[in-house]
């Protein structure tokens, strides 16, 4: 007795597999958000230049450092967006076919959901570090409760990233040993 699969049996699995394309508009939205961050960067840089070269306003070292940290923050968030857009598309929707492209990011060749989670967690820690540094520069204007909670939240992010990386390491070693 032959167990032939009927074409109808492929409909549900095919629909489930094709549903990954529902994420495409989400990634397009992140590209739009990326454009907004680029705009924000240039606006902040323009304001900085006007203030630095204006004879009416003196920019202190602390003010300059805060603006520059704000610019770095925008760049780091933008980098995070690129990782999510490119890595997420490659992992969850479709291959981008960049293997022979000279500008292919090095990390993209070995990206998977676990690696992407670890990279995102470390990027978030970097962004949190910038925010915490900005907080400490402005420490005299903030209450102790704010300083404490921002530090606690940052440490929670660090511990979460360590847990994610450790879990991914265990998962990867199990997968390797099963081969």
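All of the numbers you see were taken from the coordinates with simple rules; none came from a lab. Keep in mind that what you see is a predicted model, and the values were worked out from it rather than measured. In this analysis, Cβ positions are derived from the backbone assuming ideal geometry, glycine residues included, and neighbour counts consider all displayed protein chains.
For the range 112-179, what does the equivalent ellipsoid look like in terms of its semi-axes, each the square root of 5 times an eigenvalue of the Cα gyration tensor, given largest first in whole Å?
Details: eigenvalues 233, 22, 6 Å².
Result for the range 112-179: semi-axes of 34, 10, 6 Å.
Relative contact order for the range 21-102 using alpha-carbon pairs under 8 Å, separation at least 6, rounded to a whole percent?
On the way: 32 pairs, mean separation 34.7, N = 82.
The normalised contact order for the range 21-102 reaches 42 percent.
Extent of the range 90-133 along each principal axis, from alpha carbon coordinates, in Å, largest to smallest?
Principal-axis extents of the range 90-133 (Cα, largest first): 40, 22, 14 Å.
With the Cα gyration tensor of the range 11-69 giving a ≥ b ≥ c as the square roots of its eigenvalues, does the rule (a/c under 1.5 for rounded; else a/b larger than b/c for prolate; else oblate) give rounded, prolate or oblate? Working shown, then result.
Details: a/c = 11.37, a/b = 4.58, b/c = 2.48.
Prolate shape, in that a/c is at least 1.5 and a/b is the bigger ratio.
Computed over the Cα atoms of the range 39-179, what is the ratio Rg over Rh, Rh following Kirkwood? Before the final figure, lay out the partial values.
Working: Rg = 19.7 Å, Rh = 18.0 Å.
Across the range 39-179, the Cα-based Rg/Rh ratio is 1.09.
Using the 2.2 N^0.38 Å rule of thumb for compact globular proteins, work out how the range 21-102 stacks up: its C-alpha Rg over that value, please. Let's see the in-between values first.
On the way: Rg = 17.7 Å, N = 82, 2.2 N^0.38 = 11.7 Å.
Dividing the Cα radius of gyration by 2.2 N^0.38 Å gives 1.51.
What FRET efficiency do you get for residue 138 and residue 172 if R0 is 45 Å and r is their Cβ-Cβ distance, rounded to the nearest 0.05? Working shown, then result.
Working: r = 41 Å, r/R0 = 0.91.
Approximately 0.65, to the nearest 0.05.
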